[in-house]
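To start, the structure itself, in structure tokens.
The values are calculated or read from the model by the stated rules, or taken from the named source; none is laboratory data. No experiment lies behind these values; they were computed from the predicted model shown. Reconstructed Cβ throughout: ideal geometry from the backbone, glycine too, with neighbour counts over all protein chains shown.
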Amino acid sequence: MAAEESRCLLGYPASDSYRRVQNKKLYLATFAAVLGPLSFGFVLGYSSPVIPELRKINDPELRLDNSQASWFGSVITLGAAAGGILGGYLVDKVGRKLSLMLCSIPYVFGYVVIISAQNVWMLYFGRMLTGLASGITSLVVPVYISEVSHPKVRGMLGSCVQLMVVTGIVGAYIAGITLKWRWLAVLCSFPSCIMLFFMSFMPETPRFLLNRNKRSEAIASLRFLRGPHVDHEWECTQIEASVWEEGLNLSEFKNPSIYRPLLIGVALMFFQQVTGINAIMFYAETIFEDANFKVIRDSRMASVVVGSIQVCFTAVAALIIDKTGRKVLLYISGFALGWGPVPWLVISEIFPLKARGISSGACVLTNWFMAFLVTKEFNDLIGFLTSYGTFWLFSAFCCLNVTFTAFYVPETKGQTLEQIEAYFRRS
């Protein structure tokens, strides 16, 4: 069905669709939310400059051997997997806004533990806490942005999640050139504190408020996000039509409108991680050293270059995704242009409101469990398959990604969340 026909069938005023909306405060709310992914990026990037330093440190209680270094890099993925489960619970129980504010606590506390670390186990614990916060962030932020956005800019704003992640990674790489590991941890704690401050002034999402029967607050949220010249009552009515007041029962996962988007989301998260990207980003400096970048400064600069390329192409994806669509980018790209931002965007769009928390939690759990396997076993894979074999294996999974996208991933460009939900019900 054509997009225009779909809009008309669902009462969508195609001729006037969000034409008079004012996006300034929507962009402000998005900025406040994506400070979470910026923190998340600092967590991911922290290990790359710090591991070589901790391998050579004089203190035997803090010095990392090869096995400890792999745990230091990968333990955050276990924390993030737990954060995905916790985030799935929090996002439905306390709301999107409060969940984002709460995740600032393990970010800051985790870095405090790292800064005051006296042994390797304190380093692990601090990384686990920052991983927990990252897991909550990676679930809640895409949901928040997708629910406050409108179809004309939802793709661009949703792609900003991955853009801020890679920006945080590059920020950690660059800062790691001059800062020692404790001071780098101090710097990495700042974005989450700023997020806590800004989010306290932002609205809750209209969909969550309507799901809690808070219609007047939902109207106020829409007025903040869209400006005064849009028909807030109309949009509120459209959202209300898809809000299910009753809770979600496990038996309802037999319903294709719930289990189909869940399977698609889980598969997208699986395929995103088996590209091997997190192993490359976690161990970027070590990889370049092993590739004969013998001077430490050269390997650090090479890591910065890789991260900067990711930032540039993720920014390009954010600018073009609402014109090209999601599937086109998944077909043609490398990671930063498509498989980085698009899966997170798609899982924030395809789940019905009543299943959004638990389904998103399952996807984040899958993502971070696979990230743990890939990052923890990366060095063993290289030992078993050699570097060439390991990267050929990642390439083979990239080919499978394209096949899966062609047959199973729906195109969501230009559709409201309610239209996407209706698509799965009809299917």
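Before moving on, here are some points about what is shown:
- Test: residue in the range 343-357 that is crowded, with 18+ Cβ neighbours inside 10 Å and farther than 30 Å from ARG207 by Cβ: no
- Test: SER387 is farther than 23 Å from SER67 by Cβ and either at pLDDT 85 or above or assigned to a helix (DSSP H, G or I) (or both): no
- Test: residue in the range 335-342 that is of a type in the set (Val, Ile, Thr), surrounded by 24 or more Cβ atoms within 10 Å (Cβ to Cβ) and under 17 Å from the mean Cα position of the chain (by Cα): yes
- Any hit, the range 299-306, residues being closer than 29 Å to ALA406 by Cβ, modelled with pLDDT of 75 or more and crowded, with 23+ Cβ neighbours inside 10 Å: no
Residue-wise test of (1) farther than 29 Å from GLY83 by Cβ; (2) at pLDDT 85 or above.
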site: VAL374; (1), (2): no, no
site: GLU377; (1), (2): no, no
site: GLY383; (1), (2): yes, no
site: LEU393; (1), (2): no, yes
site: VAL402; (1), (2): yes, yes
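- Residue list for the range 10-45, restricted to those being at pLDDT 90 or above and either hydroxyl-bearing (Ser, Thr, Tyr) or more than 28 Å from the chain's Cα centre (by Cα) (or both): TYR27, THR30, SER39
- Odd one out for GLY73, checked against (1) out of contact with any Ser or Thr (no Cβ under 6 Å at 6 or more places or on another chain); (2) modelled with pLDDT under 90: (1)
- Taken as a whole, the range 93-109 holds at least one residue that is basic (Lys, Arg), under 21 Å from TRP368 (Cα atoms) and either within 18 Å of the chain's Cα centre (by Cα) or modelled with pLDDT under 90 (or both).
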